[in-house]
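The values are calculated or read from the model by the stated rules, or taken from the named source; none is laboratory data. Not measured: the values here are computed from a predicted model. Cβ placement follows ideal geometry from the backbone for every residue including glycine, while neighbour counts extend to all protein chains displayed.
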Amino acid sequence: MLIPKQKPKAIITDVDSTLTERTTWYELTERLGASPYEHASLFRKFLEGEISYKQVKKDLFKLWNVNGPIHKDKLIKIFNEIPLRGEAFSLINKLKEDDYTLCLISGSIEMFIAEIAKKFKVNHYYGNSIFHFDENGYWTDLEYTKDEKCLKVEQFEDFLEKTGFKAEECIAIGDSENDLGIFGKIPGIVVNPKSDLLKELAWQEVKYLPRVLQLLESI
């Protein structure tokens, strides 16, 4: 467990199931008219090595395209309709009002994270899955990094390099095991933890986002 030694200047926050109610991937699959349970089953088989990356992409696109090819505009519309936690808006707005620099680092879809960053007017953001489109704007492919934990650390280090902040000037907010790497580098606040390992590593645990503000004020 890392404990803050000074008041932070930057807040590094996860998005999926931290600022959102549900996992974005399953929200997307459901809104495309497909089964999030089938999606979860395919992804589990991929993670456990039962099927290859090439095969899971093929199966997932077959699932997503159940109602026909998917245009970029449709995805943007869906991403903007995905609900955030009610307290997410007040948290982000208050952090900005208090002059914290915010950075979104998520294992979720980069395109979705870009829409969230635009909504909150956050300049620094990173996602994982990168979508590719054909010349007519239809979704044709994606790039996914399996080791989300290491990717998040690399993205955090990129944020430090670009902004000039030091690690000790940052605090992280997250909820799952892909946040373990960042929580191992800076003090972390875990929100409704899905991982006992992350819970053990966290500086503090909260159930509701407004509690984050109280913790920051106590430093």
Tally up the residues in segment 175-184 that are within 23 Å of GLN6 (Cβ to Cβ) and either surrounded by fewer than 18 Cβ atoms within 10 Å (Cβ to Cβ) or at pLDDT below 95 (or both), please. 1
Here are some residues: ALA172, ALA117, ALA88. Which one is in contact with a Pro (Cβ under 8 Å, 6 or more places away or on another chain) and within 30 Å of SER218 (Cα to Cα)? ALA172
Which condition number in (1) within 28 Å of PHE46 (Cα to Cα); (2) surrounded by fewer than 21 Cβ atoms within 10 Å (Cβ to Cβ) is the one that PRO210 fails? (1)
So which residues in segment 73-93 are of a type outside the set (A, V, I, L, M), closer than 29 Å to LYS149 by Cβ and surrounded by 15 or more Cβ atoms within 10 Å (Cβ to Cβ)? PHE79, ARG85, GLU87
Residues of segment 152-174 being surrounded by fewer than 21 Cβ atoms within 10 Å (Cβ to Cβ) and small (Gly, Ala, Ser), which ones? GLY164, ALA167
What number of residues in segment 102-151 are crowded, with 21+ Cβ neighbours inside 10 Å and closer than 19 Å to LYS9 by Cα? 5
Restricting segment 171-183 to residues that are of a type in the set (Gly, Ala, Ser) and in contact (Cβ under 8 Å) with a residue 60 or more places away in the chain, the one farthest from GLN204 (Cα to Cα) turns out to be SER176
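So that you can scan it fast, the table gives a plain yes or no per residue for (1) small (Gly, Ala, Ser); (2) closer than 20 Å to LYS118 by Cβ; (3) without any contact (Cβ under 8 Å) to a residue 24 or more places away in the chain:
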site: GLU50; (1), (2), (3): no, no, yes
site: TYR53; (1), (2), (3): no, no, no
site: LYS58; (1), (2), (3): no, no, yes
site: LYS62; (1), (2), (3): no, no, yes
site: GLY68; (1), (2), (3): yes, no, yes
site: HIS71; (1), (2), (3): no, yes, no
site: PHE79; (1), (2), (3): no, yes, no
site: ILE92; (1), (2), (3): no, yes, no
site: TYR100; (1), (2), (3): no, yes, no
I need the strands (runs of 3 or more DSSP E) fully contained in segment 120-219, keeping only those with at least 3 residues that are closer than 23 Å to SER17 by Cβ. 124-126, 170-174, 188-191, 204-206
